[in-house]
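A.B. asks: First the structure, which I've put down as structure tokens, then a few questions once you've had a look.
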Amino acid sequence: GPNVKPETRRRVEAAVAHGVKHVVYTSLLGVRKPNNPSVEGFDHIATERMIEASGLAWTFLRDSLYAEAVATAMAIPALQAGHKPENAGQGRVPIVSRDDCVATAVGVLTQEGHANKAYDVTGPELWTLPDAMALVSQMAGKPITIEPVDDEGMYAYFDSLGGPRKASDVVPDGPIPWASEGMVTFGQSIREGFMDIESHYVERITGRAPRPLRR
């Protein structure tokens with residue numbers, strides 16, 4: 001499998017060397033489900049395994065798709081263009097607020113009993129991405145037409161924006177700091193049900209219900 005990023009490996013080795021007992025790592029929802037195609041997840045899997053092998057106590061917080069990413073990175077270009085290609089189909093994802101992810105991390109760091117556990121950190125509702133974009137359109141008062149495409153169609157869209165396909169081709173400080181391979185396989189992962197996960201860990205750990213996307 002892919003290697004852990006060198007800086008991540010250094011941080012874990014430094015934690016061990018400095019006598020840190022417990023590492024809390026922010027991972028990705030559905031990441032350890034077999035055959036998950038998400039390239040974004042491969043680094044997370046490798047890092048989780050490295051931490052498990054390090055001898056440190058660990059807690060993995062597997063965050064869902066962030067509401068803030070939907071409201072900015074996804075919504076802004078779609079509202080400007082009036083349309084958005086989408087390869088996630090009718091796959092569902094429990095979109096979560098970053099604030100709830102932070103509150104869950106604080107809970108794990110300040111409470112006992114979370115060692116060597118993995119938690120799915122999710123919002124209260126499962127959304128298809130077309131439905132989430134319909135909500136954005138309604139709230140903004142501007143139309144967004146969703147154009148269902150296959151994975152090749154999604155690559156073609158990102159190619160048209162001038163983005164590199166592979167992470168290894170991303171230009172540091174370039175105009176597009178991400179690779180379409182990560183975005184397309186993330187959509188594929190949603191479409192194939194790898195993020196269709198219901199969880200109540202946010203409420204259990206923070207003591208309050210997670211915020212819905214419509215707020």
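The values are calculated or read from the model by the stated rules, or taken from the named source; none is laboratory data. As the structure is a computational prediction, the values presented were derived from the model and not from experiment. Ideal geometry is used to build each Cβ from the backbone, glycine not excepted, and the neighbour counts take in all protein chains shown. Note: accessible area is taken over every heavy atom of the protein model, side chains too, but ligands, DNA and RNA are not part of it. Shrake-Rupley method; radii C 1.70, N 1.55, O 1.52, S 1.80 Å.
A.B. asks: Out of the stretch 85-110, which residues are in a helix (DSSP H, G or I) and among the basic types (Lys, Arg)?
C.D. replies: 98
A.B. asks: List the number of the failed condition for residue 191; all other conditions in (1) within 19 Å of the chain's Cα centre (by Cα); (2) of a type outside the set (Asp, Glu); (3) open to solvent by less than 50 Å² (accessible area, probe 1.4 Å) hold.
C.D. replies: Here residue 191 clears every test but (3).
A.B. asks: Hey, does the stretch 170-184 have a residue that's modelled with pLDDT of 95 or more and open to solvent by 70 Å² or more (accessible area, probe 1.4 Å)?
C.D. replies: The answer is no; no qualifying residue exists.
A.B. asks: Taking only pairs six or more apart or across chains, which ones have beta-carbon atoms under 8 Å, a first residue in the stretch 138-160 that is closer than 16 Å to residue 74 by Cα and among the small types (Gly, Ala, Ser), and a second residue that is in a helix (DSSP H, G or I) and open to solvent by less than 70 Å² (accessible area, probe 1.4 Å)?
C.D. replies: Hits for this filter: 140/75; 140/79.
A.B. asks: Checking the conditions here, which among 75, 46, 69 is out of contact with any helix residue (DSSP H, G or I) (no Cβ under 6 Å at 6 or more places or on another chain), within 23 Å of residue 180 (Cβ to Cβ), touching a residue at least 24 places away in the same chain (Cβ under 8 Å) and in a helix (DSSP H, G or I)?
C.D. replies: 46
A.B. asks: Would you say residue 166 is open to solvent by 90 Å² or more (accessible area, probe 1.4 Å) and under 21 Å from the mean Cα position of the chain (by Cα)?
C.D. replies: Yes: the conditions hold for residue 166.
A.B. asks: Tally up the residues in the stretch 150-163 that are closer than 27 Å to residue 128 by Cβ, open to solvent by 50 Å² or more (accessible area, probe 1.4 Å) and in a loop (DSSP other than H, G, I, E, B), please.
C.D. replies: Looking only at that region, the number is 2.
A.B. asks: Also, quick follow-up: What are the pairs with Cβ atoms under 8 angstrom where one residue, in the stretch 87-112, is among the charged types (D, E, K, R) and the other, located anywhere, is buried (at least 20 other Cβ atoms within 10 Å of the Cβ) and in a loop (DSSP other than H, G, I, E, B)? Sequence gap at least six, or different chains.
C.D. replies: So the pair list comes out as 92/195; 100/123; 100/210.
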